[in-house]
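Asks: Structure in structure tokens, see below.
The values are calculated or read from the model by the stated rules, or taken from the named source; none is laboratory data. In this text, all values refer to a predicted model and were calculated from it rather than measured experimentally. Cβ: placed from backbone, ideal geometry, glycine included. Neighbour counts: every protein chain shown. What goes into the accessible areas is simple: the full protein's heavy atoms, side chains included, and nothing from ligands, DNA or RNA. Shrake-Rupley method; radii C 1.70, N 1.55, O 1.52, S 1.80 Å.
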Amino acid sequence: MSEQTHFGYRQVLVEEKAKLVGRVFDSVANRYDVMNDAMSLGIHRLWKRVALEHTGLRAGMRALDLASGTGDLALKMAGMVGEKGLVILSDINQSMLHAGRAKLDNAGVVGNVDYCLANAQYLPFPSNHFDCVTIGFGLRNVTDKGMALREMARVIKPGGRVVVLEFSKPFSPLISKAYDLYSFTALPALGKILAKDADSYRYLAESIRMHPDQEALKALMIESGFDHVDVQNLTLGVVALHIGYKY
């Protein structure tokens, strides 16, 4: 029998999940930035700023931004690595990668950026190649998270780091209840109004609940080949930053 995995709260065949996730992001790509601002009240920009502070990037370095989406992290990293550096925007979804490229082109960011349509589980890059790999709010959509993390650990240089920014588990039961109420009522409603798609945002809320919590993700990263992992909670644990180091 074929193996199954979760797509939100549903069980689906492993080989079907990437296609189902792809349909979600095909649907939301053209309104993704608007929805991010509306859903987080703009706080996602602060979360991404904190993530960037932990990349360790300097002029001349190479970085890979996985699940790059509309390119918020990559846009800033291109400035950090400068003209002699390189940032590769990578996404499994063509619609999202196109949106990211359009954003960077419109910002005049060219020359030190490149684009790659790729599955995070099968990275088409040599080992020990990047100084930093980032993935912002994308790991929870990957079918085999351990496989993707092993690939990230493979492609960073010794001394490099992987920065994972993702929704996680709030500290307080009271905050968790309020967060659940918001996620399963406000998010689909906003999705219906702003993106004409309530179902995709209901899936995104479910995918957050199915994602490993702070300690579980840290353990998975250690199992996947990282020598050390730091965890920083943001906004009372609603979001967590995991920084994996390779020595």
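Asks: What about A99, is it modelled with pLDDT of 95 or more and either under 19 Å from H54 (Cα atoms) or not basic (K, R) (or both)?
Replies: No, not satisfied.
Asks: Here's something else I'd like to know. Out of all the residues in the stretch 17-24, is one or more in a helix (DSSP H, G or I), open to solvent by 60 Å² or more (accessible area, probe 1.4 Å) and out of contact with any strand residue (DSSP E or B) (no Cβ under 6 Å at 6 or more places or on another chain)?
Replies: yes
Asks: How many residues does the stretch 202-214 hold that are open to solvent by less than 50 Å² (accessible area, probe 1.4 Å) and under 19 Å from T5 (Cα atoms)?
Replies: Matching residues across the stretch 202-214 total 8.
Asks: So G56 passes all but one of these: (1) at negative phi; (2) part of a loop (DSSP other than H, G, I, E, B). Which condition number does it fail?
Replies: (1)
Asks: Ok, one more. Condition (residue is farther than 23 Å from L73 by Cα, open to solvent by less than 60 Å² (accessible area, probe 1.4 Å) and not hydroxyl-bearing (S, T, Y)) applied to the stretch 161-172: is it met by at least one residue?
Replies: yes
Asks: I'm told M147 meets every condition in (1) modelled with pLDDT of 95 or more; (2) open to solvent by 30 Å² or more (accessible area, probe 1.4 Å); (3) over 22 Å from V231 (Cβ atoms) except one. Can you identify the failing condition by its number?
Replies: Only one criterion in (1) modelled with pLDDT of 95 or more; (2) open to solvent by 30 Å² or more (accessible area, probe 1.4 Å); (3) over 22 Å from V231 (Cβ atoms) is unmet by M147, namely (3).
Asks: For the stretch 56-93, how many residues meet the condition of being within 17 Å of L139 (Cα to Cα) and of a type outside the set (A, V, I, L, M)?
Replies: 9
Asks: Still on this model: Looking only at residues that are more than 11 Å from the chain's Cα centre (by Cα) and within 18 Å of D33 (Cβ to Cβ) in the stretch 73-85, which one is most open to solvent (accessible area, probe 1.4 Å)?
Replies: Looking at residues that are more than 11 Å from the chain's Cα centre (by Cα) and within 18 Å of D33 (Cβ to Cβ), I get K76.
Asks: Checking the structure you have, find out if any residue of the stretch 171-180 is over 26 Å from S27 (Cα atoms) and β-branched (V, I, T).
Replies: The answer is yes; a qualifying residue exists.
Asks: If you don't mind, there's one more thing I want to ask. Six or more apart or on different chains, Cβ under 6 Å: which pairs go from a residue in the stretch 95-107 that's polar (S, T, N, Q) to one that's in a helix (DSSP H, G or I)? Could you list them?
Replies: S95/D26; S95/A29
Asks: While we're on this one: Of the residues that sit in the stretch 192-247 and are of a type in the set (V, I, T) and closer than 27 Å to S27 by Cβ, which one is modelled with the lowest pLDDT?
Replies: Out of the qualifying residues, it is I193.
Asks: Looking at G225, G237, can you tell me which residue is within 24 Å of I175 (Cβ to Cβ) and open to solvent by less than 60 Å² (accessible area, probe 1.4 Å)?
Replies: When all the criteria are applied, what remains is G237.
Asks: Taking the condition open to solvent by 30 Å² or more (accessible area, probe 1.4 Å), modelled with pLDDT of 95 or more and of a type in the set (A, V, I, L, M, F, W, C), does A63 pass?
Replies: Taking the combined requirement at face value, the residue does not satisfy it.
Asks: Okay, moving on. Looking at (1) open to solvent by less than 50 Å² (accessible area, probe 1.4 Å); (2) more than 18 Å from the chain's Cα centre (by Cα); (3) of a type outside the set (D, E), which is the only condition L217 fails?
Replies: Failed condition: (2).
Asks: Filtering the stretch 109-139 down to residues that are within 14 Å of the chain's Cα centre (by Cα) and surrounded by fewer than 21 Cβ atoms within 10 Å (Cβ to Cβ), which residue is farthest from S95 (Cα to Cα)?
Replies: Q121
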